[in-house]
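Data first, discussion second: the structure below is written as structure tokens.
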Amino acid sequence: MKFPKDFYWGAATASYQVEGGIENCDWAKAAREGRVPACGRACDHYHRYEADFDLAQQLGHNAHRFSIEWARIEPVEGQFDTAAIEHYRAVIRALKERGLTPFVTLWHFTLPQWFADKGGFESKQAPELFARYARYVVEQLGDELAGITTMNEPIVFAGLGWLKGNWPPFKMQKLADWQEYTNSGKRSQSRPQQSWWAYGTYRRVVRHLVMAHNQAYDAIKLVAPDLSVSIVKHVVAYDATSNPWQRCKAWFATNFQTHSFMRKVADRCDEIGLNFYHYVKFGDRGEHPKSDMGWEMIPGGIYRALHILHHYQKPIFVSECGVADDDDSHRAWYIEEQLTGMQQAMADGVDVRGHMYWSLMDNYEWALGFEKKFGLIEINYDTLERKIRPSAWRYKELIEQYSVADNGSAAS
Ligand code: FCB
């Protein structure tokens, strides 16, 4: 196996999941209301980023993906905090000083409270407000960067917030909520939404997310025409046995999950980020081992996910893929299989530019709190001590082994 010399190797994080101390966003409010676990100081990465990047450098990484917290940059509608910008400038510079290329995401799930109060992405104003934020960040930090991602996993955000209803704004209400509402003489709380209504709202949110990306792209290009703009899409790699009916199912599922969104934004993507966690083969009854998330571990399925995105003929970087594995018994195998799948896709002509493992360190796994351990680095949440897991060293070895040296041969 060989990967090009300028291939990006690294890991990913997201602001709310690691930084700590973010209180003015919708997830913090939901935590105060007891609807999701509290995030608190998380990994305190906000203050410890330099030491964390020292570790990433030690682990052989040459790139790092992270996100900027919108609620820090624009804490009040239309008012931008220059101190927050300077913080992220320092983060970017700290990466570059260590030889790590920054992959910045403008928005990774959490919304400033003022924006959520206006209806978040349900609101007609949302695309414009998002584009204004994107433009501001790029005006301030664009010079430091070669590329930027507008948003992370829009369909996951909309699906969990509006169809499943277990993430803010918790829109798909459960039957139990209806019973409580009815039993209370229809006074106790706001009227739960019916599912067909929630689906309509979900479609509106998705439409606004498409518009938000496209308007942000245009706004960014006005101030930084050369900056490469991407979106990060979570792709469920649907596949099938040779049975025509199963193939038909995979085709529909892929269209619903990936293409229906991507085809509306692809014109305004210079690159695409792939987040890969799930491979589903219709018609295959095989059993697969499961991760601590209860997700089937089929890392080689990344091959299929890359082919799905290859349809758009844009450079792709793997912006996330990883496994929750508390005892670190599967992670090294998982990474190695991913790299094999990536290499096969590249041999078929898929233009893959990088691999960012999720995650650099253990972190706040959204509605599941701190229990799930995705990190190359283990965090002790009492002491905030960092400990490198053995699989992280194995990843380093693989990076060294697979990188092509200056003379074109494999480095080792
Ligand atoms: C992805 C999210 C990321 C993390 C991983 C496990 O869907 O982008 O924040 O939660 O899943």
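The values are calculated or read from the model by the stated rules, or taken from the named source; none is laboratory data. Worth saying up front: this structure is predicted, and the values here are computed from it rather than measured. All Cβ positions, even for glycine, are placed from backbone atoms using ideal geometry, and neighbour counts span all protein chains on display.
On inspection, Ala253 fails the criterion of being crowded, with 21+ Cβ neighbours inside 10 Å, touching a residue at least 24 places away in the same chain (Cβ under 8 Å) and of a type in the set (Gly, Ala, Ser). Mind checking whether some residue in segment 174-189 is polar (S, T, N, Q) and modelled with pLDDT of 95 or more? For segment 174-189, residues polar (S, T, N, Q) and modelled with pLDDT of 95 or more: absent. Of all the residues in segment 47-71, those that are farther than 26 Å from Leu398 by Cβ, without any contact (Cβ under 8 Å) to a residue 60 or more places away in the chain, touching a helix residue (DSSP H, G or I) at 6+ places or on another chain (Cβ under 8 Å) and not charged (D, E, K, R) number 1.
Yes or no: segment 310-318 includes at least one residue that is part of a helix (DSSP H, G or I) and over 18 Å from the mean Cα position of the chain (by Cα). Yes, the conditions are met somewhere in segment 310-318. Just to be sure, is Leu111 buried (at least 16 other Cβ atoms within 10 Å of the Cβ) and either in contact with a His (Cβ under 9 Å, 6 or more places away or on another chain) or without any contact (Cβ under 8 Å) to a residue 40 or more places away in the chain (or both)? Criteria not met by Leu111. Within segment 289-308, the set of residues being more than 16 Å from the ligand (Cβ to nearest atom) and surrounded by 13 or more Cβ atoms within 10 Å (Cβ to Cβ) comprises Gly300, Tyr303, Arg304, Leu306, His307, Ile308. Every test in (1) within 16 Å of the ligand (Cβ to nearest atom); (2) surrounded by fewer than 24 Cβ atoms within 10 Å (Cβ to Cβ); (3) of a type outside the set (Ser, Thr, Tyr); (4) within 18 Å of the chain's Cα centre (by Cα) is passed by Pro154 save one, and that test is (2).
Evaluated against (1) part of a loop (DSSP other than H, G, I, E, B); (2) buried (at least 18 other Cβ atoms within 10 Å of the Cβ), Gly159 falls short on exactly one condition, (1). Of all residues in segment 25-52, those satisfying the criterion of being surrounded by fewer than 19 Cβ atoms within 10 Å (Cβ to Cβ) and in contact with a strand residue (DSSP E or B) (Cβ under 9 Å, 6 or more places away or on another chain) are Arg48, Ala51. Filtering segment 260-309 to residues that are in a loop (DSSP other than H, G, I, E, B), within 22 Å of Ala12 (Cβ to Cβ) and of a type outside the set (S, T, N, Q) leaves Cys269, Asp270, Phe276, Tyr277, His278, Asp292, Met293, Gly294, Trp295, Met297, Ile298.
Within segment 343-377, if we keep just the residues that are among the charged types (D, E, K, R) and within 16 Å of the ligand (Cβ to nearest atom), the residue that is farthest from the chain's Cα centre (by Cα) turns out to be Glu371. Check whether at least one residue in segment 270-279 is more than 16 Å from the ligand (Cβ to nearest atom), modelled with pLDDT of 95 or more and in contact with a Ser or Thr (Cβ under 8 Å, 6 or more places away or on another chain), and report yes or no. Checked against the condition, which is being more than 16 Å from the ligand (Cβ to nearest atom), modelled with pLDDT of 95 or more and in contact with a Ser or Thr (Cβ under 8 Å, 6 or more places away or on another chain), segment 270-279 yields at least one hit. Of the numbered criteria (1) modelled with pLDDT under 95; (2) more than 16 Å from the ligand (Cβ to nearest atom), the one Gly159 fails is (2). Entry remark, segment 211-233: residues being polar (S, T, N, Q) and crowded, with 24+ Cβ neighbours inside 10 Å number 1 in total. Among the numbered conditions (1) away from the ligand (no atom under 11 Å from the Cβ); (2) within 25 Å of Ser67 (Cα to Cα), the only one that His330 does not meet is (2).
Residues checked against (1) out of contact with any Phe, Trp or Tyr (no Cβ under 6 Å at 6 or more places or on another chain); (2) farther than 18 Å from Glu336 by Cα:
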position	(1), (2)
His259	yes, yes
Lys264	yes, yes
Asp267	yes, yes
Gly273	no, yes
Tyr279	yes, no
Gly283	yes, yes
His288	yes, no
Gly294	yes, yes
Ile298	no, no
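Restricting attention to segment 236-271, the residues being of a type in the set (Ser, Thr, Tyr) and within 30 Å of Met211 (Cβ to Cβ) number 4.
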